[in-house]
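Visitor: The structure under discussion is supplied below as structure tokens; questions concerning it will follow.
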Amino acid sequence: DLKKVLRLAGESNKATVFLLVDSQIQWEGMVEDISNLLNTSEVPNLFDGTDLAQIGEGIAARAKQAGMDGSKNDLYNFFLQEVKRNLHCVLCFSPVGDAIRTRLRQFP
């Protein structure tokens, strides 16, 4: 679950590896989510307000130590910084067939 992986890396401050094999891709929208994750360290609309509130509570003390003022925006930006620092994505795609070429063109 991508939510759990992001929370582990950002909120729990644990070095995390997200391993995705091309056979695990159930729909092409997953590739777009991974592309967003690699480019911006977030997946749009993945977390709802309740999740964001829990994340904010979980990282508030660390964010304050880092000099953040504790606003929702600052807490979310701190969360994204922690995700960038702790999350490593490993993509394993087979070079056989057209699927990898198509995905690379759509999501460089």
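Visitor: Is it the case that some residue within segment 6-21 is free of Cβ contacts under 8 Å to residues at least 60 places away in the same chain, small (G, A, S), touching a Gly at 6+ places or on another chain (Cβ under 8 Å) and part of a loop (DSSP other than H, G, I, E, B)?
Guide: Yes; the residues of segment 6-21 include at least one that is free of Cβ contacts under 8 Å to residues at least 60 places away in the same chain, small (G, A, S), touching a Gly at 6+ places or on another chain (Cβ under 8 Å) and part of a loop (DSSP other than H, G, I, E, B).
Visitor: Out of everything in segment 38-90 that is in contact with a strand residue (DSSP E or B) (Cβ under 7 Å, 6 or more places away or on another chain) and either closer than 17 Å to K14 by Cα or among the basic types (K, R) (or both), what residue ends up being surrounded by the most Cβ atoms within 10 Å (Cβ to Cβ)? Walk me through how you get there before you give the answer.
Guide: Step one: of segment 38-90, the residues in contact with a strand residue (DSSP E or B) (Cβ under 7 Å, 6 or more places away or on another chain) are 38, 86-90.
Right, trim to either closer than 17 Å to K14 by Cα or among the basic types (K, R) (or both) and you get 86-90.
On the way: N86: 18, L87: 20, H88: 10, C89: 13, V90: 9.
Looking at residues that are in contact with a strand residue (DSSP E or B) (Cβ under 7 Å, 6 or more places away or on another chain) and either closer than 17 Å to K14 by Cα or among the basic types (K, R) (or both), I get L87.
Visitor: Separate question: Check segment 24-36 and report whether any residue there is over 20 Å from L8 (Cβ atoms), loosely packed, with under 10 Cβ neighbours inside 10 Å, hydrophobic (A, V, I, L, M, F, W, C) and without any contact (Cβ under 8 Å) to a residue 24 or more places away in the chain. Steps first, please.
Guide: Step one: filter segment 24-36 for residues over 20 Å from L8 (Cβ atoms), giving 25-29, 31-32, 35.
Subset that is loosely packed, with under 10 Cβ neighbours inside 10 Å: 26-27, 29.
Right, trim to hydrophobic (A, V, I, L, M, F, W, C) and you get 27.
Remaining after also requiring without any contact (Cβ under 8 Å) to a residue 24 or more places away in the chain: 27.
Within segment 24-36, one or more residues are over 20 Å from L8 (Cβ atoms), loosely packed, with under 10 Cβ neighbours inside 10 Å, hydrophobic (A, V, I, L, M, F, W, C) and without any contact (Cβ under 8 Å) to a residue 24 or more places away in the chain.
Residues are listed down the side, and each one gets a yes or a no for (1) assigned to a helix (DSSP H, G or I); (2) basic (K, R); (3) modelled with pLDDT under 95; (4) out of contact with any helix residue (DSSP H, G or I) (no Cβ under 8 Å at 6 or more places or on another chain):
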| position | (1), (2), (3), (4) |
| --- | --- |
| Q54 | yes, no, no, yes |
| K64 | yes, yes, yes, yes |
| D69 | no, no, yes, yes |
| N73 | yes, no, yes, yes |
| F78 | yes, no, no, no |
| C89 | no, no, yes, no |
| V96 | no, no, yes, yes |
| R103 | yes, yes, yes, no |
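Visitor: How many residues does segment 1-52 contain that are more than 10 Å from the chain's Cα centre (by Cα) and among the β-branched types (V, I, T)?
Guide: 6
Visitor: While we're here: Is there any pair linking a residue in segment 94-108 that is closer than 13 Å to V31 by Cβ to one that is basic (K, R) and open to solvent by 100 Å² or more (accessible area, probe 1.4 Å), with Cβ under 9 Å and at least six apart or on different chains, and which?
Guide: Listed pairs, sorted by first residue: none to list.
The values are calculated or read from the model by the stated rules, or taken from the named source; none is laboratory data. Predicted, not measured: the structure shown is a model, and the values here were computed from it. Quick reminder, even Gly has a Cβ in these numbers, built from the backbone with ideal geometry, and neighbours come from all protein chains shown. Side chains are part of the model used for accessible areas, which takes the heavy atoms of the whole protein and leaves out ligands, DNA and RNA. Shrake-Rupley method; radii C 1.70, N 1.55, O 1.52, S 1.80 Å.
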